[in-house]
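This report refers to the structure that appears directly beneath it.
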Amino acid sequence: MSLGSLTWHPAVDHLDLLAAPTAAAITAWAAAEPEVATALVVTAIDPELADTAALTEAYDLPLSGSGNCVLVAGKREGQERIAAAVVRATTRADVNNAVKRLLDVRKASFLPMDRAVADSGMEYGGITPIGLPEEYRVLIDSRVVAPNPEAEDLVIIGSGLRRSKLALPGSLLARLPGAEVIDDLAI
C-alpha cells in the first residue's frame, strides 16, 4: 500500500519498527480482532522528519490525514488522572475545557516530556495511543475517526518511535481497546 510517497506494510509483520509497548498492544489486538493484522500498517521514516509539519511536507502526505497524540494530566482529591488526547493535526486538543472536564480535574496540563517518555516507554515525537499504560484514558476526537477521502480514510499516528509511523482506518482506531470517541475534543 502507498500513501504519499511512502510504502506501508502490515505492522504485525514489522514489529521492529514499533516501540515495545506498541508492538505488544498491536499483537494482542490483532489476536482479538483479525482486521488489525491487515488494516494497521507501518512505514519507516527519517526520524528527523517525525514532527507532523515536516513529515507531511517531506512525504507528500495530507495534513488532514495526520493525528496527534498528547498526554494530559490533572489531579482531583490528590489522585492523578492521565489521558491521551488524539486529534487531527489540523486541530488542537481542547485541554483547558474538554479534556479538563472529561478528567474531572480543576486544572489539566501536558505531561512533562521526560515523564511522558518514561511512563509510556515511547520516544518523544512518536507517542501513540496504542500501547499506553492501561490506567491512561484514551480520548479520540470524533473527527479523527470520521471518513477522510483526502487520506484514503486513514489516520497517520505515531508508532512509539520517531523512525516510523502507523496508519489505520479511523473506524478501526475507534475500536482500540479502551478508546473513547469524543465529540468536540479538539478546537
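Here are a few things to note about the model shown:
- Within the range 133-170, restricting attention to residues that are touching an Asp or Glu at 6+ places or on another chain (Cβ under 8 Å) and in a helix (DSSP H, G or I), the residue that is most open to solvent (accessible area, probe 1.4 Å) is SER142.
- Consider the range 98-118 and keep the residues that are in contact (Cβ under 8 Å) with a residue 24 or more places away in the chain and open to solvent by 20 Å² or more (accessible area, probe 1.4 Å). The one that is nearest to PRO21 (Cα to Cα) is PHE110.
- So ILE130, is it in a strand (DSSP E or B), under 12 Å from the mean Cα position of the chain (by Cα) and either under 22 Å from ALA25 (Cα atoms) or among the polar types (S, T, N, Q) (or both): no
- Of all residues making up the range 1-24, the number that are open to solvent by 30 Å² or more (accessible area, probe 1.4 Å) and either out of contact with any helix residue (DSSP H, G or I) (no Cβ under 7 Å at 6 or more places or on another chain) or in contact (Cβ under 8 Å) with a residue 40 or more places away in the chain (or both): 12
- Yes/no for PRO129 being open to solvent by 70 Å² or more (accessible area, probe 1.4 Å) and not polar (S, T, N, Q): no
- Residue within the range 72-93 that is part of a helix (DSSP H, G or I) and either modelled with pLDDT under 95 or open to solvent by 60 Å² or more (accessible area, probe 1.4 Å) (or both) present: no
- Residue within the range 157-170 that is modelled with pLDDT of 95 or more and on the phi > 0 side of the Ramachandran plot present: yes
- Within the range 43-67, the residues that satisfy the criterion of being under 18 Å from VAL144 (Cβ atoms) and open to solvent by less than 50 Å² (accessible area, probe 1.4 Å) are THR52, LEU55, THR56, LEU61, PRO62, SER64, GLY65, SER66, GLY67.
- Within the range 45-60, the set of residues being assigned to a loop (DSSP other than H, G, I, E, B) and in contact with a Ser or Thr (Cβ under 8 Å, 6 or more places away or on another chain) comprises ILE45, TYR59, ASP60.
- For the range 25-38, the candidate set comprises residues that are crowded, with 19+ Cβ neighbours inside 10 Å and not aromatic (Phe, Trp, Tyr); within that set, the residue that is farthest from TYR136 (Cα to Cα) is VAL36.
The values are calculated or read from the model by the stated rules, or taken from the named source; none is laboratory data. Keep in mind it's a predicted model, so treat the numbers as computed, not measured. Glycine also receives a Cβ, built like all others from the backbone with ideal geometry; neighbour counts cover every protein chain displayed. We work out accessible area using only protein heavy atoms, side chains counted, and drop any ligands, DNA or RNA first. Shrake-Rupley method; radii C 1.70, N 1.55, O 1.52, S 1.80 Å.
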